[in-house]
Amino acid sequence: MALAEDIGEGDITSEATVDAGRKALVRIKAKAPGVLAGIKVAEAVFHAVDSSLDFEAARVDGSHLASGDHVAVIGGRARSLLAAERTALNFLQHLSGVATATAEGVLALQGTGVRLLDTRKTTPGMRALEKYAVTLGGGVNHRQGLYDLFLVKENHIALAGGVAAAIAACRAHRPGVRLEVEVRNLGELEQALAAGVDRVMLDNFTPVQAAAAVGRTSGRAEVEISGGVTADNLHAYAAAHPDFISVGFITHSAPALDMSLTLLA
């Protein structure tokens, strides 16, 4: 789909300026430090355009890159190289950006014992790849979608008639599936704990409020902090000693890692 939207009926500029038989060698390199993610995706892009291209990766996913590091060298038909260039770089730069943002968050939590979770705030159609990139940065995947974990949120509680009613309905529907409940205050926290949930999500608590909630939970359930967490206050929330902190910015707001493709021969 990505290639179709870019190439369409053909790369008319390359068709006009590059001889059909011309061969070339190009190199992808990092222009900023970060964590590499998506090298196999980039290879798949080049081979989808032209299976005869020779793709040699210089680094593997999860590698820590310095500015100027070589990522891959690709050789073959010049027109094919140019047709695949932007789509391959789009995947590489975006996924590496996600991995890099995650790694920076994990570094901020180092020594606290708190694990960094992703969310469902992903690019449509890109969730599997973005969540893969999160793991390369040292983060942990939350649920993959609406199907693999009960996560009772504010609207579910309102529609079900309360915290206890929502939890009871989930247990009756799928008894063996793990259950997490989003709570907005200590009253809802107590209701969730009394019902025996596996994890509570503290929604938009301040760091001080979160610390009080973690103290009340006291091993009765896992604790996840979510909402209002940024790169700047991540460590402050970790001081509340939850089990997890979930953040959307590592997927929906991660800046692309700068890379370039240059002609070698």
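The values are calculated or read from the model by the stated rules, or taken from the named source; none is laboratory data. Nothing here was measured: the structure is a model prediction, and the numbers come from that model. Here the Cβ positions follow ideal geometry from the backbone for every residue, glycine too, while neighbour counts run over all protein chains shown. Remember, those area values only see protein heavy atoms, side chains included, never the ligands or the DNA or RNA. Shrake-Rupley method; radii C 1.70, N 1.55, O 1.52, S 1.80 Å.
Below, the figures for the structure above:
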read-out: Positive-end extreme of charge dipole, region 41-187 - chosen from GLY68, ALA165, ALA88 (charges on Cβ); value: ALA165
read-out: Heavy-atom surface of the chain, accessible at 1.4 Å and reported per residue (Å²); value: 48
read-out: Estimated FRET transfer efficiency (GLU190, ARG115; beta-carbon r; R0 35 Å; 0.05); value: 0.90
read-out: Theoretical gain in end-to-end length, ASP19 to ASN155 [0.36 nm per residue, Cα-Cα removed]; value: 43.0 nm
read-out: Per-q log10 I(q)/I(0), region 76-180, q = 0.19, 0.25 Å⁻¹ (Debye; single scatterer per alpha-carbon; no solvent); value: -0.98, -1.19
read-out: Extreme residue, positive dipole direction of region 175-265, given options ALA221, LEU179, SER246 (C-beta unit charges); value: ALA221
read-out: Relative contact order for region 86-154, counting Cα pairs under 8 Å that sit 6 or more residues apart, in percent; value: 36
read-out: q = 0.10, 0.17, 0.18, 0.24 Å⁻¹, region 1-102: log10 I(q)/I(0) [Debye, one scatterer per Cα]; value: -0.27, -0.75, -0.83, -1.25
read-out: Between 0 and 90°, nearest 10: helix 207-217 axis offset from the chain longest Cα axis; value: 60
read-out: DSSP beta bridges in the chain [antiparallel fraction, %, rounded to 5]; value: 50
read-out: Solvent-accessible area, 1.4 Å probe, carbon plus sulfur percent, for region 87-126; value: 53
read-out: Lys pairs, the chain - Cα-Cα below 22 angstrom, 8 or more residues apart or on other chains; value: 6
read-out: Within region 57-173: Cβ-based charge dipole about Cα centre, in debye rounded to nearest 20 (Lys, Arg +1; Asp, Glu -1); value: 280
read-out: GLU154 accessible area, 1.4 Å probe, all protein chains in place, Å² to nearest 10; value: 90
read-out: Whole-percent pair-distance distribution, where bins are 10 Å wide, for the alpha carbons of the chain; value: 7, 26, 26, 18, 13, 8, 2, 0
read-out: Within the accessible area of region 1-44 (1.4 Å probe), percent carbon and sulfur; value: 54
read-out: Under the Karplus curve 6.51 cos²θ - 1.76 cosθ + 1.60, θ = phi - 60°, whole-Hz ³J(HN,Hα) for region 11-27, x wherever Gly or Pro sits; value: 7, 5, 5, 5, 4, 7, 10, 10, 4, 4, x, 5, 9, 8, 10, 10, 10
read-out: Net dipole in debye of region 1-97 [+1 Lys, Arg Cβ; -1 Asp, Glu Cβ; about Cα centre; nearest 20]; value: 360
read-out: Computed [θ] at 222 nm, helices only, for the chain once each DSSP H run of length n ≥ 4 contributes -39500 (n - 2.57); value: -12500 deg cm²/dmol
read-out: Packing-based ranking, highest mean first, of 205-211, 258-264 given that Cβ atoms within 10 Å are counted; value: 205-211, 258-264
read-out: Cα-only radius of gyration and Dmax that characterise region 28-78, units Å; value: 11.3, 31
read-out: Environment charge of LEU89, counting only residues whose C-beta is closer than 13 Å and scoring Lys/Arg +1, Asp/Glu -1; value: 0
read-out: Rel. contact order, % - alpha carbon contacts under 8 angstrom, at least six apart, the chain; value: 23
read-out: Charge dipole (debye, nearest 20) of region 119-265; +1 at Cβ of Lys and Arg, -1 at Cβ of Asp and Glu; value: 360
read-out: Quotient of C-alpha Rg and 2.2 N^0.38 Å, computed over region 130-265; value: 1.25
